[in-house]
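Let me begin by presenting the structure, written as structure tokens, before commenting on it.
The values are calculated or read from the model by the stated rules, or taken from the named source; none is laboratory data. Quantities reported herein were computed from a predicted structural model and do not represent experimental measurements. Cβ: placed from backbone, ideal geometry, glycine included. Neighbour counts: every protein chain shown. Note: areas computed on protein heavy atoms with side chains; ligands, DNA, RNA excluded. Shrake-Rupley method; radii C 1.70, N 1.55, O 1.52, S 1.80 Å.
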Amino acid sequence: MAQITVNSYDEFESYLGKELGKSDWIEVTQERINLFAEATLDYQWIHVDTERAKTESPYHSTIAHGYLTLSLLPYLYRQVVEANNIKMLVNYGMDKMKFGTPVLAGKRVQLYNIMNLRGTAKVEIKFRLDIENEKKPALEGIATFLYMFED
């Protein structure tokens, strides 16, 4: 269940500049990494070859694809914000996105520090995806969505 529910442009606007909340943790398992590799045809050894990664990777583990980490945002975001009365939602873009720390297989990530909602239909969300027990985030940036509410 989401922490915040919005039903209109005005309700979104009332959160301008406020922190909205945190999602639950989600584990990035090797199975999830392998399925992502299969879906995207990106089989680079650092992601899928656990034995080679143990000896040749500076992390001594496989790591999640950066885009796998990014693709978890919608799932985690829905835990924080539920928008009702929507006729269409469009992912408009990403800005200032930066991968900070690799997510090792078996680590858990969490969406944290969503804030800076702007506009009425165009919503810019500053986000940070943290890794459990790591100082640097896995990913941070600004996600922009276009919310088109029913009249």
**Complete:** Inside the stretch 109-151, the number of residues satisfying the requirement of being of a type in the set (Lys, Arg), more than 17 Å from Gly66 (Cβ to Cβ) and either touching a Ser or Thr at 6+ places or on another chain (Cβ under 7 Å) or modelled with pLDDT under 90 (or both) is 3
**Request:** Search the stretch 123-151 for residues that are farther than 18 Å from Val90 by Cα and pair each with any residue that is of a type in the set (S, T, N, Q) and part of a strand (DSSP E or B) when their beta-carbon atoms are under 6 Å apart and the residues are at least 6 apart or on different chains.
**Result:** Arg128/Asn113; Asp130/Gln110
**Asked** Hey, among the residues in the stretch 1-43 that are among the aromatic types (Phe, Trp, Tyr), farther than 19 Å from Gln110 by Cα and assigned to a loop (DSSP other than H, G, I, E, B), which one's modelled with the lowest pLDDT?
**Response** Tyr15
**Request:** Taking the options Thr40, Thr62, Thr29, Thr55, name whichever one is open to solvent by 60 Å² or more (accessible area, probe 1.4 Å), touching a residue at least 12 places away in the same chain (Cβ under 8 Å) and not hydrophobic (A, V, I, L, M, F, W, C).
**Result:** Thr40
**Prompt:** In the stretch 84-113, which residues are under 20 Å from Gly141 (Cβ atoms), surrounded by 13 or more Cβ atoms within 10 Å (Cβ to Cβ) and of a type in the set (A, V, I, L, M)?
**Reply:** Leu89, Met94, Met97, Val103, Val109, Leu111
**Request:** Could you check, for the stretch 45-59, whether at least one of its residues is of a type in the set (Phe, Trp, Tyr), touching a helix residue (DSSP H, G or I) at 6+ places or on another chain (Cβ under 6 Å) and at pLDDT 90 or above?
**Result:** yes
